[in-house]
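Student: I'd like to ask some things about the structure below.
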Amino acid sequence: MATIEQLPIQEAISLRALRASLRFGVKASSVVVLLAAWEIAARSGTLTPFQLPAFSVVVGRIWTDAVAGDLWINTALTLYRALAGFAIAAVVGVLIGTAMARIRLAHWFFDPLVSMGFPMPKIAFLPVIILWLGLYDTSKITMIVFDAIFPVIAATMIGIQGVERELLWSARNMGAGEREMLWQIVLPAALPQIMTGLQVSLPLSLIVAVVTEMLMGGYGLGGAMITASRFANSPGVFAGIVEIAVVGYVLVKAMALLRRRLLIWHQEAHDPSTA
């Protein structure tokens, strides 16, 4: 049987497209089944439309919000807060994690703070953040940074500490300085672990953004949901759930794509199980 490489170019492209479509169909089947079950359950009369509006009704509400422009404003604000907090957490987290892994004094100073802060529910600090910074974007972004930074710190520190000692010894024997060691050896070797921390931190940033919008009010996907809830607007609440799920899916897939691009040199890029 001929392989893809042995087929004419046009046939090879068609075969790859067919395989990609089949893979997408298999992956999307669970979502299709869930949405179909949702629609059937809502139409069956077992639950009232207030308890569970039909998926088609929720889609109609999303369309109405999109036409009115509310959907785009709320989505943009939530993404701005989530991505701004994530960016700050990523930069500061990598810096702190690198310092903890390479500087003994930094590890001595930050380790107790990270050990205490990582497992505790950071949302408990929200009243303090509100007292200090108010109810606007600064307080919401600060809360996101506070939650999202710990996975980045831990992943960076573990990744750098896990770099093979033989690799470091070889670089030193070839005359590499500390700066060259850090940028050309240590960080690239630790990048898979760092990316894992970032992949944990990104959806966490979105979750905290939505929660803070719910608790603080104002515009945003979380704020729109809590407003709909106060007015007993069930389709509006479920529309928010669908919108957040779609945004979260896009962010997760975008980060996975970025990981593949940045780690094109790594063995995981050639592992079929990671495709």
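Each reported figure results from applying straightforward, stated rules to the coordinates on display, with no laboratory input. Owing to the predicted nature of the structure, the values given are computational and were not obtained by experimental measurement. Every residue, glycine as well, gets a Cβ built from its backbone with ideal geometry; the counts of neighbours run over all protein chains shown.
Student: Classify the range 107-258 as rounded, prolate or oblate from the Cα gyration tensor: take a ≥ b ≥ c as the square roots of its eigenvalues, call it rounded if a/c is under 1.5, otherwise prolate when a/b beats b/c and oblate if not.
Tutor: prolate
Student: So how far, in whole Å, is the C-alpha centre of the range 175-215 from the one of the range 44-69?
Tutor: 38 Å
Student: Using a Cα-Cα cut-off of under 24 Å, which lysines could be cross-linked to residue 122, ignoring same-chain neighbours fewer than 8 residues away?
Tutor: Residue 122 reaches 140.
Student: Would you please give the FRET efficiency between residue 179 and residue 262, computed as 1/(1 + (r/R0)^6) with r the Cβ-Cβ distance and R0 = 35 Å, to the nearest 0.05?
Tutor: Once rounded, the FRET efficiency stands at 0.95.
Student: Another question, then. Looking at the square roots a ≥ b ≥ c of the eigenvalues of the Cα gyration tensor of the range 27-79, which shape do they give, rounded for a/c under 1.5, prolate if a/b is larger than b/c, or oblate?
Tutor: It comes out oblate by the Cα gyration axes.
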